[in-house]
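As structure tokens, the structure follows; a few thoughts come after it.
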Amino acid sequence: MMDRTKHDRLDSIKLVPVVQKAASAKPVEQSRRMADSDVLQPASSRLSEEAQDLICLFIEESANGVSGAVATATFRSLCLVSKAWLSPARRRLYRGPFFWRSSLTWRTALSLLSTLQDSPSTAHHVRNLAKLSSWSVSLSRQVLPSVEDTAHFARRRQTISWSFQLAILDACPLVTSVSASVQTPAELNSLAKTVKGLKKTLRSLSLSSLIEPSREPTVAALKSWFARADVEELEELVITGLGRESSKDLADLPTEPTFGVRLDKLQLVDVSISFPGLYAFIPTQTSYLTSLHVTFSVRYAPSAADMTSLVNIISPTITTLALVSQNSSFGPSGVYPIPNSQSQDWRPQLPLAMFSHLSEIKNLTLQGFQNFSHSRLEGLQKHSPKLERLDLKHTVWDSDNPHSPSESPFSESTAIATLDAMPNLLKAHLGWLPLRYPKVYASLHEAMLSKAVMIDYQTSLRRCAACGEYH
């Protein structure tokens, strides 16, 4: 009896682990499956698309301005990690195929073009072609290197450059930013058809011209070109070297903006038209325009009335304004440019009235002008409280009283008091300041340093009113 009881107890003891093992079999199997899945699927593959996009964005921003080759190599490596990374990495890799490149061979360019033409899904990733123009010119010089830069070779290189630009643009239907250079009116007309096909997505367009001045399209022809291109969603426009005025244009210049597109940023560089002719490119709805950059051709200088009228029209919303005059020769080294009618160094003038209309301005560039003064600086201090950056490079200071030749055009104490009263100023280039050797504007530097304002200027000697010599 005792033996049987003992035997029953032994059986019960043996059965306990058997029952427990059977009950725990399922969790063990699940844990093994999870372990196997962790081996087969790395943690990165389980990231959401949003997380992957944030990682790719971080790579882009980290490489911006440092090393584009590093970002390109990183995205290429990500494409090979797994299928989960292929789509986001490829999307970033082809978003701007010319943007980060420090070098590009003709063979690589043809390979890229072939990929975009043969794979529409890849071509749909392309958004930024802002450097297409410069790289196409570089490629054409690789194909036709020439010791003698003759007109014949120049035309052939431009033909190669234009063919490459057009092929890339035709292959990429969802581009948002484009730069293109044209050498003939026929190329410009052909470009209108391509741009029209991008009208729903295109936001930024840069046109540069290598057309001979006598064959450049007139302002009226350019307006017709934009009408045919139908760039209804365009936000940023850059025109370099395009546009001239015919005798018919001069007889019928606009007196107000006539451009029908709602531009946010407009940049006109070396455009050979008079100041009222600029209205052909300024949007009629100026409430959208926040940035205007105009570089005046050496063949034209704006009048004070034209400048005041333009600033008055764009002033309600403009936050960045750059007016750059190329009508200035900087004269002998170390000699202060004399702002008067007898001087060979002739620059356009800055009307005092324009400085009372820039209430929203944050970045102001006025380069190559003749008569900046303390009264104009005070006008900015009173009417432009949001001003952060002021650039007067190559601009000459003049006395507020032109009838007093002995009056110095620049007073350090007055400038310090005026700049000190600008609450948001971060950086200022004060242009040409007359110096009497060995005077240095130490007080100006110390006062602005205490306000964390960066100050720069150009220094030179000035003609002495008493003896006529430079001191």
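The values are calculated or read from the model by the stated rules, or taken from the named source; none is laboratory data. Values in this document were obtained by computation on a predicted structure and should not be read as measured data. Every residue, glycine as well, gets a Cβ built from its backbone with ideal geometry; the counts of neighbours run over all protein chains shown. For the accessible areas, the whole protein counts, side chains as well, though only heavy atoms, and no ligand, DNA or RNA atoms are used. Shrake-Rupley method; radii C 1.70, N 1.55, O 1.52, S 1.80 Å.
Values as computed for the structure displayed
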| item | result |
| --- | --- |
| Simple spin-label estimate for E232 and Q285 in nanometres, 7 Å along Cα-Cβ | 1.2 nm |
| Accessible area (Å², 1.4 Å probe, nearest 10) - E236 | 60 Å² |
| Computed Kirkwood radius, in angstrom, where 1/r is averaged over Cα pairs of region 133-174 | 10.7 Å |
| Label-to-label distance, nm, for residues given as K200 and E50 (7 Å Cα→Cβ offset) | 2.8 nm |
| Given K199/K223; K265/K427; K83/K131; K362/K393, the pairs whose alpha carbons are separated by over 19 Å | K265/K427; K83/K131 |
| Where labels lie 7 Å past Cα in the beta-carbon direction, separation of E388 and T108 in nm | 3.5 nm |
| Gain in span if fully extended, L449 to D118, counting 0.36 nm per residue against the direct Cα distance | 113.3 nm |
| Förster radius 22 Å - calculated FRET efficiency between R95 and F58, Cβ distance, rounded to 0.05 | 0.90 |
